[in-house]
Ligand code: SF4
């Protein structure tokens, strides 16, 4: 690292301030309902946020709980999603709701392993549910966050990024901080980076991205148990 841990408090302060002024406002960011977070994050995988935003209110006004979604008419669900290009998500999503009802009594689990045992739920979604839905401080790392921490501190291992984020969480509020990492990575520390608009300019090591070396966590389910392995990012 170019900078030591002494910059952490200032980094957190600047990030929280930047997020208050520039962070994206989505309807799911105003809730702490783990079911809403789980469904939304599932839909956000490979789907633009504005598309998910258009479906948000109609989806959650009809399906307020895992039980509602598990008993949804699949034709109705597909119809709701088809105009948004999410047609193929309908069945997978209903299966997740069915698993919540059957295995977890209609509750969204509060531990990583149980969440990862749900088909279609990976490390990112499970972490988002814990952090934003259950309020359990958990790093939420996507490729944009990896790029940010690569540039800031030269890190290429998701495990190391998560360790560092956990330390940063102790200096602030883990919910806005996690959203700030996600938004800064998506909006400012882009390819190429917009350092002139970045609140972290001056604190940042500006290490060149080593995308080919990134190792991100993937779940492997073996004999009903979940293992987490770092694998090269695709
Ligand atoms: S200063 Fe530049 S490289 Fe560093 S985090 Fe900000 S945008 Fe990224």
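A compact table of results
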item: Residue within the range 139-146 that is at negative phi, buried (at least 21 other Cβ atoms within 10 Å of the Cβ), modelled with pLDDT of 95 or more and away from the ligand (no atom under 16 Å from the Cβ) present; result: yes
item: Unmet requirement for residue 192, which otherwise passes all of (1) touching a residue at least 12 places away in the same chain (Cβ under 8 Å); (2) more than 15 Å from the chain's Cα centre (by Cα); result: (1)
item: Residue tally, condition surrounded by 19 or more Cβ atoms within 10 Å (Cβ to Cβ) and under 14 Å from the mean Cα position of the chain (by Cα), over the range 1-34; result: 2
item: Test: residue in the range 201-210 that is without any contact (Cβ under 8 Å) to a residue 12 or more places away in the chain, outside any loop (DSSP other than H, G, I, E, B) and within 15 Å of the ligand (Cβ to nearest atom); result: no
item: Residue 219 farther than 21 Å from residue 112 by Cβ, outside the structural domain of residue 20 (by TED's automatic domain parsing) and within 19 Å of the chain's Cα centre (by Cα); result: no
item: Members of the range 35-53 found to be surrounded by fewer than 19 Cβ atoms within 10 Å (Cβ to Cβ) and part of a helix (DSSP H, G or I), listed by number; result: 49, 50, 51, 53
item: Subset of the range 211-231 [within 16 Å of the ligand (Cβ to nearest atom) and touching a helix residue (DSSP H, G or I) at 6+ places or on another chain (Cβ under 7 Å)]; result: 214
item: From 65, 71, residue being free of Cβ contacts under 8 Å to residues at least 60 places away in the same chain and loosely packed, with under 15 Cβ neighbours inside 10 Å; result: 71
item: Per-region count, the range 82-117, residues in a helix (DSSP H, G or I) and over 16 Å from residue 70 (Cβ atoms); result: 6
item: Which listed residue, of 154, 212, 224, 205, is in contact with a strand residue (DSSP E or B) (Cβ under 9 Å, 6 or more places away or on another chain), over 21 Å from residue 28 (Cβ atoms) and surrounded by fewer than 20 Cβ atoms within 10 Å (Cβ to Cβ); result: 212
item: Unmet requirement for residue 234, which otherwise passes all of (1) in a loop (DSSP other than H, G, I, E, B); (2) touching a helix residue (DSSP H, G or I) at 6+ places or on another chain (Cβ under 9 Å); (3) away from the ligand (no atom under 16 Å from the Cβ); (4) without any contact (Cβ under 8 Å) to a residue 60 or more places away in the chain; result: (2)
item: Only listed residue being within 15 Å of the ligand (Cβ to nearest atom) and over 28 Å from residue 90 (Cα atoms), chosen from 151, 167, 159; result: 151
item: Qualifying residue in the range 173-190 (condition: farther than 25 Å from residue 48 by Cβ, surrounded by fewer than 19 Cβ atoms within 10 Å (Cβ to Cβ) and touching a helix residue (DSSP H, G or I) at 6+ places or on another chain (Cβ under 9 Å)); result: yes
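The values are calculated or read from the model by the stated rules, or taken from the named source; none is laboratory data. Given the structure is predicted, the values throughout are model-derived calculations rather than measurements. In this analysis, Cβ positions are derived from the backbone assuming ideal geometry, glycine residues included, and neighbour counts consider all displayed protein chains.
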